[in-house]
Amino acid sequence: MVNLMNKDTQIKLATLLRAAAAKTVSEDNFWMQFNSLADPLHDPFGGVAYETATHYWGNYHSKNILLIPVKPDPYQVMQGQDALNLIADSLEQDWTIEQLKRRLKNI
């Protein structure tokens, strides 16, 4: 499958994903920018980025059995950061979606 985004959009999305991984963008700002850049329903890279970002940001909303907020698991956060950075690499280096999915399995 081909990435449907133009190169400029790919670079902007890669920068945004790296900012999320580095926690230099708020979650609300991330989603606002993401929604203006990617179409997760029609672009395979947008879909993978959406799923990964949803899981990553979800780490910060974890609750225990009593519904009390808990700190995110550091390993899961690190895994999410690695995945976001890998997706950014794929966008910057024009990988195929198959290459990206194969490499994400190793994280």
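Check whether at least one residue in segment 84-107 is outside any helix (DSSP H, G or I), surrounded by 14 or more Cβ atoms within 10 Å (Cβ to Cβ), without any contact (Cβ under 8 Å) to a residue 40 or more places away in the chain and not β-branched (Val, Ile, Thr), and report yes or no. Yes - at least one qualifying residue is present in segment 84-107.
The set of residues in segment 28-45 being under 17 Å from residue 60 (Cβ atoms) and either of a type in the set (Lys, Arg) or at pLDDT below 95 (or both) is empty.
Residue 25 meets all of the listed conditions (1) at pLDDT 95 or above; (2) surrounded by fewer than 17 Cβ atoms within 10 Å (Cβ to Cβ) but one, namely (2).
With the condition kept exactly as written, say whether any residue in segment 59-80 is within 9 Å of the chain's Cα centre (by Cα) and either under 14 Å from residue 22 (Cβ atoms) or at pLDDT 95 or above (or both). Yes, segment 59-80 has at least one match.
Take residue 46 and tell me if it is of a type outside the set (Ser, Thr, Tyr), in contact (Cβ under 8 Å) with a residue 40 or more places away in the chain and over 19 Å from residue 106 (Cβ atoms). So residue 46 fits the description; yes. The set of residues from segment 19-71 being more than 21 Å from residue 9 (Cα to Cα) and either assigned to a helix (DSSP H, G or I) or in contact with a strand residue (DSSP E or B) (Cβ under 9 Å, 6 or more places away or on another chain) (or both) comprises 55, 56, 57, 58, 59, 60, 61, 62, 63, 69, 70.
The values are calculated or read from the model by the stated rules, or taken from the named source; none is laboratory data. The shown structure was predicted, so the numbers you read here are calculated from the model rather than taken from an experiment. Glycine gets a Cβ as well: all are built from the backbone with ideal geometry, and neighbour counts include every protein chain shown.
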